[in-house]
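Below: the structure, in C-alpha cells.
The values are calculated or read from the model by the stated rules, or taken from the named source; none is laboratory data. Because the structure is a prediction, the values reported are computed rather than measured. Cβ coordinates were reconstructed from backbone atoms using ideal geometry, including for glycine residues, and neighbour counts include every protein chain displayed.
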Amino acid sequence: MTPPESCWGSEVIMGRKQITSKKSKILAKARKLFWEKGYQKITMRDIARACGFEPSNLYNYFPNKETLLYEVIMEEMDLLLSSIRQLEYDRKTGPVEQLQSLIRSHVDSTLRYRQRIGLFESELRHFSSAKQKMLLAMGREYDQILQRIIRRGIETGDFAEVDVKLTGYSIASMIVRTGLWYSPRGRLSRNEIADGLLKFALHGILAKKPE
C-alpha cells in the first residue's frame, strides 16, 4: 500500500533537517580547522575526522575542499548582510543610530565566531572566478550599505564632509581587526567594544555644531 502523501512529506522534511544539521556541523568544524591551521594544510580527511565521519560521507555533502571553504565564507557573509540590509531602507532612524546598529551587528558577527577572521581575503585566491565574483559582490553590498549611511549623515548635517569611501573602509577594517585581539574573558563585552568603536568613529566624522 502506498503511504499517504502527508507521510512522504514528513519524511522529506525530516531528511532535509538531518542534512541541514550535518552540513552545519561540517561547516563549523571546517571553519575552525581552516582558521587554526590554514586552508592549504587541511585535508578533507582532517575535516571528516573532526566530524566523526568517514571521508566518503563528507563527499556526500561537499564535492571538494574549495566548495566547503566557499560555503563557510558565504554563510558568514550572508548572516552579516541579513542583519544590516534593513538599514538601507530605514528613513525613520537617524544616521548616527544606523551607524551604531551596523557597527554592533558587524562586531557581533566578527567576534561571535572568531575563526572566520581572515578567511575572506586570505583565501579568496583559492576560488574559481565565478565564486570570487559572488563573494566580492557580497563584500561590495556591505560597503554600499555603510557608505550610504555615511552619505546620509553628511546630507542631514550629522556628519562632517568626509571622504565617504575612505571613512567606510576605515570603519570596516577597524571592526575586522578586533577579531585578532578580542578575548571572551577580556574586560569588555562585544557590545562595549562596538560602542567604543562607534565613539572612536564618530569623533572623526561628527559635524561641528555651532556654539
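Scan the range 47-60 for residues that are surrounded by 16 or more Cβ atoms within 10 Å (Cβ to Cβ) and touching a helix residue (DSSP H, G or I) at 6+ places or on another chain (Cβ under 6 Å) and the total you get is 5. Contact map, the range 124-146: first residue in a helix (DSSP H, G or I), second residue of a type in the set (Asp, Glu) and at pLDDT below 85, Cβ cut-off under 7 Å, separation 6 or more or different chains; pairs are 145/88. Of all the residues in the range 79-103, those that are without any contact (Cβ under 8 Å) to a residue 60 or more places away in the chain and either in a helix (DSSP H, G or I) or on the phi > 0 side of the Ramachandran plot (or both) number 8. Restricted to the range 49-78, and to residues that are touching a Phe, Trp or Tyr at 6+ places or on another chain (Cβ under 8 Å) and without any contact (Cβ under 8 Å) to a residue 60 or more places away in the chain, which residue is farthest from residue 127 (Cα to Cα)? Going through the qualifying residues, I end up with 76. Could we say that residue 182 is under 15 Å from the mean Cα position of the chain (by Cα) and not assigned by TED's automatic domain parsing to the domain that holds residue 33 here? When the stated conditions are applied, residue 182 does not pass them. When the range 147-179 is filtered for residues that are touching a Pro at 6+ places or on another chain (Cβ under 8 Å), in a helix (DSSP H, G or I) and closer than 12 Å to residue 201 by Cβ, the ones remaining, listed by number, are 149, 150, 153. Hey, any hits in the range 21-41 for a residue that's at pLDDT 90 or above, more than 30 Å from residue 146 (Cα to Cα) and over 15 Å from the mean Cα position of the chain (by Cα)? Looking for residues that are at pLDDT 90 or above, more than 30 Å from residue 146 (Cα to Cα) and over 15 Å from the mean Cα position of the chain (by Cα), one finds at least one in the range 21-41, hence yes.
Can you tell me which residue is nearest to residue 153 (Cα to Cα) among those in the range 76-116 that are of a type in the set (Asp, Glu) and surrounded by fewer than 16 Cβ atoms within 10 Å (Cβ to Cβ)?
Filtering first and then ranking leaves 97.
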